[in-house]
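Down below is the structure, laid out as structure tokens.
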Amino acid sequence: MKKVLVVEDNEDSRELLCAMLEDSYEITSCADARSALALLESTTLLPDLLLLDISLPGIDGIQLLHRIRSSEALAGIPAVALTAHAMKGDESRFRSLGFDGYVTKPIVDESQLIRVMEYLIHRGGKPTS
Ligand code: MN
């Protein structure tokens, strides 16, 4: 099973994401960037994909990704931005910030989320549809 790290401060959203994904992925979840960084730096967890909420207390998802991208060991992990702010221009903004994908909350179509995740996890190979 592919490993996915979910960083989401809202408990309901975090639990919903875990419930949606736990049959298909090995999920580790954190409520803030600090614990995510501590986990990534101190353990052998090397996720295949990151699902990062943008609006997090303290270090936000954009700064968290920046920290991850500056680590040689973690720089190549694909990252999906999770955000409720569905504003025009956001997708290109998040891509320019280093995110590989973008999903708007609330997630109503879990198959769409999984499609984005599968594409990014297997990019370089064939996307599984
Ligand atoms: Mn949040």
What percent does the relative contact order of the chain come to when contacts are Cα pairs within less than 8 Å and at least six residues apart?
20 percent
For the chain, calculated [θ]222 nm from helices alone, where every DSSP H run of n ≥ 4 adds -39500 (n - 2.57):
-11000 deg cm²/dmol
Based on the mean of other beta carbon atoms within 10 Å per residue, what is the order of 52-61, 108-117, 37-46, most packed first?
52-61, 108-117, 37-46
Cα-based Rg and Dmax for the chain, where Dmax is the largest Cα-Cα distance (Å):
13.4, 38
Most mobile listed residue (P106, P47, P78) in the chain, GNM with C-alpha springs under 10 Å:
P106
Please list the equivalent ellipsoid semi-axes of region 15-69, computed as the square roots of five times the alpha-carbon gyration tensor eigenvalues, in descending order and whole angstrom.
19, 14, 10
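Every read-out reported here was derived from the displayed coordinates using simple, explicitly stated rules and does not represent laboratory data. Quantities reported herein were computed from a predicted structural model and do not represent experimental measurements. Neighbour counts run over all protein chains shown; Cβ positions are idealised from the backbone, glycine included.
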